[in-house]
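One structure is given here, and the rest of the page talks about it.
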Amino acid sequence: MSRLFAFGCSFTNYRWSTWADCLALEFDYFENWGQSGGGNHYIFNSVMEADQRHQFGDGDTVIVCWTSFTRDDRYVNGRWHTLGNIFNCPIYELKYLKDHYDERGYLIRDLAYIKAVKTLLENRPGLTWRFLSMVELMARPTADDDVSLHRDVMRLYNDVLDSILPGYDKTVFLNNWPKPGVDSHPTPAEHLKYLDTVLPGWVTNQETRVKIAQESVNLNKDPRRSGMTQFRRL
């Protein structure tokens, strides 16, 4: 039996179909562990928990869509609280951010999470895995670039960064995202376009393509509508 496990933030699990849903019918079994607002700390923990529950192995496919590193996740009162970008979240006061946020530190933290997941997956025989990305973590230095922020950190983790496919910001959206005043999440059609760009040939089911096209035409942007898939977690 072929199994697909998807991990990420709202680009993975949202009120309408995402890249994960575009791939679902290609497999016999599908679980979506994405959670809106989730950061890489949450994503890392989700992968590890899912592996403990299901023992990833031969014939399985694991796809992780990493997100920006300016996020904090908290596990409180029996559930994950994933609030998205800390600079857009009202619970984080400016004084807290000034005292506790360090760009270099957050980058080091998240690259270590990604390396840990990469190490886990590449050491499972017969497992297929891919790393997608919502956005590029940080502009990578070039050979003659002496001004990139945290250049040493980026170069230390070159092999990890090389394993991450280009993000939506470098493929589907380019210079026109986010769009002010509207829901900036990719439409189902944009998710499919992203997959066709970074994982060409992965979506073969024509029923999926018809469904995604129809859903995009009739997209319901009512924020009260919830279509997120929920699984029992720790």
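Can you pull out the residues in segment 83-125 that are outside any loop (DSSP other than H, G, I, E, B) and of a type in the set (D, E, K, R)? Hits for segment 83-125 are LYS95, LYS98, ASP99, GLU103, ARG104, ARG109, ASP110, LYS115, LYS118, GLU122.
If you check HIS185, HIS100, HIS150 for being out of contact with any Asp or Glu (no Cβ under 7 Å at 6 or more places or on another chain) and on the phi > 0 side of the Ramachandran plot, only one passes: HIS150. Checked against (1) farther than 29 Å from SER2 by Cα; (2) free of Cβ contacts under 8 Å to residues at least 12 places away in the same chain, ARG140 meets all criteria but (2). Considering only residues that are of a type in the set (Lys, Arg) and under 23 Å from ASP73 (Cβ atoms), look in segment 2-57 and name the one that is surrounded by the fewest Cβ atoms within 10 Å (Cβ to Cβ). The qualifying residue surrounded by the fewest Cβ atoms within 10 Å (Cβ to Cβ) is ARG53.
Within segment 111-132, the set of residues being surrounded by 20 or more Cβ atoms within 10 Å (Cβ to Cβ) and hydroxyl-bearing (Ser, Thr, Tyr) comprises TYR113 only. For segment 41-78, filtered to residues that are without any contact (Cβ under 8 Å) to a residue 40 or more places away in the chain and in a loop (DSSP other than H, G, I, E, B), the residue that is nearest to SER10 (Cα to Cα) is THR70.
Pull up segment 191-220, narrow it to residues that are among the acidic types (Asp, Glu) and touching a residue at least 24 places away in the same chain (Cβ under 8 Å), then point me to the one that is farthest from VAL135 (Cα to Cα). Give the steps one after another, and end with the answer.
As a first pass, look at segment 191-220 and keep what is among the acidic types (Asp, Glu): 196, 207, 215.
Now restrict to residues that are touching a residue at least 24 places away in the same chain (Cβ under 8 Å): 207, 215.
Numbers: GLU207: 29, GLU215: 24 Å.
Selected residue: GLU207.
Residue-level check: of (1) aromatic (Phe, Trp, Tyr); (2) more than 20 Å from the chain's Cα centre (by Cα); (3) surrounded by 14 or more Cβ atoms within 10 Å (Cβ to Cβ), TYR75 misses just (2).
Residues that are aliphatic (A, V, I, L, M) and surrounded by 18 or more Cβ atoms within 10 Å (Cβ to Cβ) do not occur anywhere in segment 90-97. If the condition is being among the hydroxyl-bearing types (Ser, Thr, Tyr) and under 14 Å from the mean Cα position of the chain (by Cα), then segment 18-40 contributes THR18, SER36. Scanning segment 1-40 for residues that are within 13 Å of ASN205 (Cβ to Cβ), small (Gly, Ala, Ser) and assigned to a strand (DSSP E or B) yields a total of 0.
For segment 157-206, give me each residue that is in contact with a Ser or Thr (Cβ under 9 Å, 6 or more places away or on another chain), outside any helix (DSSP H, G or I) and hydrophobic (A, V, I, L, M, F, W, C). Walk me through it before giving the result.
Narrowing segment 157-206 to residues in contact with a Ser or Thr (Cβ under 9 Å, 6 or more places away or on another chain): 164-173, 177-178, 185-194, 197-198.
Among the residues that remain, those that are also outside any helix (DSSP H, G or I) are: 164-167, 171-173, 177-178, 185-187.
Result: ILE164, LEU165, VAL172, PHE173, TRP177.
Every number here is computed from the coordinates shown, using simple stated rules; none is lab data. Remember, predicted model here, so these are calculated numbers, not experimental data. FYI the Cβ positions are ideal-geometry reconstructions off the backbone, even for glycines, and counts take in every protein chain you see.
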